[in-house]
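Read through the structure below, which is laid out as structure tokens, and then see the notes.
The values are calculated or read from the model by the stated rules, or taken from the named source; none is laboratory data. Everything quoted here is computed from the prediction, not taken from an experiment. So basically every Cβ, Gly included, is an ideal-geometry build from the backbone, and we count neighbours across all protein chains shown. Protein only, heavy atoms only, side chains kept; ligands, DNA and RNA dropped before computing areas. Shrake-Rupley method; radii C 1.70, N 1.55, O 1.52, S 1.80 Å.
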Amino acid sequence: MNKPVLDRAAFGGRKVIDVDTHLTEPHDLWTRRAPASLKARVPQVKVIDGVESWVIDGDKLIGLGANPASCVKPDGSKYLGLEFLEVSIRDVHPSSYSVRERLALMDETGVSAEVVYPNILGFGGQNAARVDDELRIACVQIFNDAMGELQAESGQRMFPMALLPWWDPKLAAREIERAHAMGLRGVNINSDPHTFTRPDGSKLPDLGQPFWDPMWEVCQGLDMSVNFHIGGSEQSMDWFGDQGWPGLANDLRMALGGAMLFMNNGRVMGNLILSGLVDRFAKLKFVSVESGLGWVPFILEALDHEYREVGAKAGKLQRMSSEYFATNFYTCFWFERRDLTHMIRAVGVDNVLFETDYPHAICLYPIDDMDLAMKGLSEAEKVKVLSGNAARVYNIAV
């Protein structure tokens, strides 16, 4: 495969904020910052059965093969199919893990700023559930410290979302305040903490319950966006599991699993809306990350219909369910091209953000002609989608 051509003209010269990217965690991210008492227990790469793998707490596997989750080769071409699952950090382009190299790529492609998400602890930090409280909070705080350093190193062009101690709302509130003080602009949260079993055998409440209000109060007060990345919980992460029929080849099962992860964020958004959470916290900003946008109008129409027909008696919402999306919710697109202009307007021009998911396997790389893709949008609408909305959601200067 030839090296993709990267062209700044793809965005028509406009400023761009890419709201979903990933930076592969360096192997020493945690060990370099951990206190001596935890150095052997924090996430790190060890050789397990002859294979480099990420482990936590000494021997709990959280990343077989220490895969860097990048499909981009050192020469800039892309691995095909599932080839990217067989490579090490030494086999991918340095922009996958190096801030300096990522900034160079951003300059080359015309991207002004990026929002950054994790890999190793899970897209919602769910892998922290496998260890005790002391190690769990240390892993989250060390990660956020590293992300604060990364943001500074990037010259305020790369904006990582803070991981949270999602198992405790008071701890989460304090960590949000700490992240905000470091300059981080939003939080990345486990969408389904109620599936976690506490040491005493009890379950956590779901995010719609008042139990979590201390966390929401801080997010609202500090204007920290709340981001739900696909696959951000044990419940929703299912690359190869139950979605594909057994007879499908692995790469096809992953293709279907990935597509269904997009749809699963509709479940998360629907729960947030129907729980009445936004009636209690009217200024919260929720982002559905890496989920696309085509499903949104249908889900909102379906929620309205279901609420009127079967939910209104039990429900106490102050508005119709679809009305909450326009005021408090955002979604992102990258690959969608079929009638894209119509879909952006159907979702709401003020509620759509642009992403690439670089350098993951399904990322928009190389970036095609986005000006052509959004043909039919006015200049003001294009500016909103490419940067204006993201600047408002994440408090980023453009």
*asked:* Suppose each label sits 7 Å from its Cα in the direction of the beta carbon; what would the Phe298-Ser37 distance come out to in nanometres?
replied: 5.3
_Within the chain, percent of DSSP bridges classed antiparallel, to nearest 5_ = 30
*Among Pro43, Pro210, Pro68, determine the one that fluctuates most according to a GNM of the chain built with springs between C-alpha atoms less than 10 Å apart.*
Pro210
_Using DSSP to call loops (not H, G, I, E or B), can you name the trypsin sites (Lys or Arg not before Pro) in the range 346-398 whose Cβ has at most 12 other Cβ atoms within 10 angstrom?_
none
*asked:* Expected output is a single nm value to one decimal: the length gained when fully extending between Glu309 and Gln156, i.e. 0.36 nm times separation in residues minus the C-alpha distance. What is it?
replied: 50.2 nm
*Sort Met260, Met320, Met215 from largest to smallest accessible area, using a 1.4 Å probe on the heavy atoms of the protein chains.*
Met260, Met320, Met215
*asked:* What aspartates and glutamates does Lys384 reach when the alpha-carbon gap must be under 16 Å and sequence neighbours fewer than 8 apart in one chain are set aside?
replied: Asp18, Glu114, Asp350, Glu355, Asp371
*asked:* Would you report the distance distribution of C-alpha pairs in the range 324-398 as whole percents per 10 angstrom bin, up to the bin with the largest distance?
replied: 19, 52, 28, 1
*Any idea of His360's accessible area? Nearest 10 Å², probe 1.4 Å.*
20
*Where Lys and Arg each count +1 and Asp and Glu each count -1, what net charge lies around Arg136 among other residues with Cβ under 13 Å from its Cβ?*
-2
*Provide the convex hull volume over Cα atoms per residue for the chain, in Å³.*
152
*So what's the Cα pair-distance distribution over the range 135-265, bin width 5 Å, in %?*
2, 10, 17, 18, 17, 14, 11, 7, 3, 1, 0
*Where N is the number of residues in the range 245-310, Cα Rg divided by 2.2 N^0.38 Å*: 1.40
_Tell me which of Phe298, Ala282, Asn227 sits at the most positive position along the dipole axis of the chain, charges placed on C-beta atoms (Lys, Arg +1; Asp, Glu -1)._
Ala282
_Test item: Cα-centred dipole of the range 243-398, Lys/Arg +1 and Asp/Glu -1 on Cβ, debye_ = 580
*Considering the zone a paramagnetic label at Val47 would reach in this model (a point 7 Å from Cα along the Cα-to-Cβ line), which residues of the range 72-94 have amide N under 18 Å from it?*
87-91
*Work out how much length Glu149 to Lys15 would gain on full extension: take 0.36 nm times their residue separation and subtract the Cα-Cα distance, in nm to one decimal.*
45.8 nm
*Where does the chain land at 222 nm, in deg cm²/dmol rounded to the nearest 500, when only DSSP H runs of n ≥ 4 count, each adding -39500 (n - 2.57), divided by all residues?*
-9500 deg cm²/dmol
*Per residue accessible area in Å² of the chain, where ligands, DNA and RNA are left out and the probe is 1.4 Å*: 42
_Within the range 253-313, trypsin sites (Lys or Arg not before Pro) in DSSP loop having at most 12 other beta-carbon neighbours inside 10 Å_ = Lys283, Lys313
